[in-house]
Amino acid sequence: MPFDAEIFKLVALDLLDEASVDFLFHAFAADVFASDSKRNVVFETKSGPLVIRAHVVVDCTGDGDVAARAGAPYEIGREEDGLVQPMTLMFRITEFDHAGFDAYLKQHPDQWRGVHGLWDLIREAAAEGKLQLPREDMLFFATPHDREVSVNSTRVTKVLGIDVWDLSFAEWEGRRQMRQIAAFLRRYVPGFEKGYVVQSGVNIGVRETRRILGDYQLTSDDILQARKFPDVIARSTYPVDIHNPEGTGTLLKRLPPGEAYDIPLRSLLPREVEGVIVAGRCISGTHEAHSSYRVMPVSMATGQAAGVCAALAVRRNKTPRAISAADVQNELIRQGANLRGVR
């Protein structure tokens, strides 16, 4: 779904204001300790360390930082070697000539499927030996602006997003790859002759780090068989989508047509820890299952569910684990969530 990132930022702040949310920028969650049935999260800031006390903490760090610090068990990477999916730095190119690009695709319909392609042009560039491209195809997404396209084609492998040295290297490498890709597009791809990078991601995109082990661990069978759960709090149709942790290639396995799988509330509740809920890509699942639920729409849906569960726990002075799935479901449905089959 194309959206304007700058407008999104403003809308997000407006929503926080409307909900009377206190927010703190430039603060990094560094540690957790418990006292008086509260979770105390330590943030490092420009003003020095800051402790925020809460009855319930919702961990949306993506990396499960808070849950892990609180003692929750977790897994990283695939079972055989611990390698994770590669990182990607997104960027936007402007002065894109849509008509020129479309004319090329009409002449070469085999070079584009869905939102990615240009395999022959990439092989041509590689054969000339002047450009080193990190992946075997180009992946583009539209934006609301006609002469602009978002590029998702950098690929940094064998790096881990919870290692600060790896993360620093990955951002350097991602920007180096971005320069190569932009040069390739201008030189080889019709429609990009005058294109230039107008913005790169503030941070490199991390697909996979910790997966917190919860009361239930989603599996690839759950996704591919479109499994249903009585404690469903979100649904997804996104396929198993594993970018090769070692380099070239992407494994894609789709759900049965017209089907969706459920995400249970239990996958948001870390084992051995009370007072913490996880949401986003660090919820409980295997490496294969994670490749499906890691995407933004699912992260938003699990975030909504985690927020509802946390709010109910605070109002009732209970732990999140003591809140019934039915109560969470009822509130989600009242808010308009899609939990088909739940009344």
Checklist line | Cross-chain or 6+ apart pairs with Cβ under 7 Å, region 214-234 first and under 16 Å from residue 269 (Cα atoms), then in a helix (DSSP H, G or I) and open to solvent by 40 Å² or more (accessible area, probe 1.4 Å) | finding: 214/266; 215/266; 216/266; 231/266
Next item on the list: Considering each of 82, 71 in turn, give the residue that is in contact (Cβ under 8 Å) with a residue 60 or more places away in the chain and either of a type in the set (A, V, I, L, M) or closer than 16 Å to residue 210 by Cβ (or both).
Entry: 71
Next item on the list: Report whether or not residue 254 is more than 16 Å from the chain's Cα centre (by Cα), surrounded by fewer than 17 Cβ atoms within 10 Å (Cβ to Cβ) and not small (Gly, Ala, Ser).
Entry: yes
Check: From 298, 328, 273, which residue is open to solvent by less than 60 Å² (accessible area, probe 1.4 Å) and assigned to a loop (DSSP other than H, G, I, E, B)?
Finding: 273
Note to self: Scan region 158-175 and tell me whether some residue there is free of Cβ contacts under 8 Å to residues at least 12 places away in the same chain and under 30 Å from residue 331 (Cβ atoms).
What the structure shows: no
Check: Filter region 118-137 for residues that are over 19 Å from residue 178 (Cβ atoms) and touching a residue at least 12 places away in the same chain (Cβ under 8 Å); which is surrounded by the most Cβ atoms within 10 Å (Cβ to Cβ)?
Finding: 119
Check: On the given criteria, is residue 33 in contact with a strand residue (DSSP E or B) (Cβ under 7 Å, 6 or more places away or on another chain) and surrounded by 10 or more Cβ atoms within 10 Å (Cβ to Cβ)?
Finding: yes
Notebook entry, point to check: Is it the case that residue 339 is out of contact with any Cys (no Cβ under 6 Å at 6 or more places or on another chain) and assigned to a loop (DSSP other than H, G, I, E, B)?
Noted result: yes
Next item on the list: Kindly provide the set of residues from region 19-30 that are exposed (fewer than 15 other Cβ atoms within 10 Å of the Cβ) and either more than 21 Å from residue 311 (Cα to Cα) or among the aromatic types (Phe, Trp, Tyr) (or both), ordered by number.
Entry: 23, 25, 26, 28
Margin query: Where the second residue is assigned to a helix (DSSP H, G or I) and of a type in the set (Asp, Glu) and the first is within 15 Å of residue 260 (Cβ to Cβ) and lies in region 289-308, which pairs have Cβ atoms under 7 Å and are six or more apart or on separate chains?
Written below: 289/222
Checklist line | Tally of residues being buried (at least 24 other Cβ atoms within 10 Å of the Cβ), assigned to a helix (DSSP H, G or I) and touching an Asp or Glu at 6+ places or on another chain (Cβ under 6 Å) across region 261-270 | finding: 1
Margin query: Tell me the residue from 118, 139, 133 that is among the aliphatic types (A, V, I, L, M) and farther than 24 Å from residue 208 by Cα, please.
Written below: 118
Checklist line | Residue list for region 304-325, restricted to those being open to solvent by 50 Å² or more (accessible area, probe 1.4 Å) and in a helix (DSSP H, G or I) | finding: 304, 314, 315, 316, 321, 322
Next item on the list: Return yes or no: is residue 212 of a type in the set (Val, Ile, Thr) and touching a Pro at 6+ places or on another chain (Cβ under 6 Å)?
Entry: yes
Next item on the list: Might you check whether a residue that is surrounded by 15 or more Cβ atoms within 10 Å (Cβ to Cβ), modelled with pLDDT of 95 or more and acidic (Asp, Glu) occurs anywhere in region 147-154?
Entry: yes
Note to self: Looking only at region 93-119, how many residues end up being at pLDDT below 95 and charged (D, E, K, R)?
What the structure shows: 1
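The values are calculated or read from the model by the stated rules, or taken from the named source; none is laboratory data. What you see is a predicted model, and the numbers here were worked out from it, not measured in a lab. Here Cβ is always computed from backbone atoms with ideal geometry, including for glycine, and neighbour counts include all displayed protein chains. The accessibility values were calculated without ligands, DNA or RNA, using every heavy atom of the protein model including side chains. Shrake-Rupley method; radii C 1.70, N 1.55, O 1.52, S 1.80 Å.
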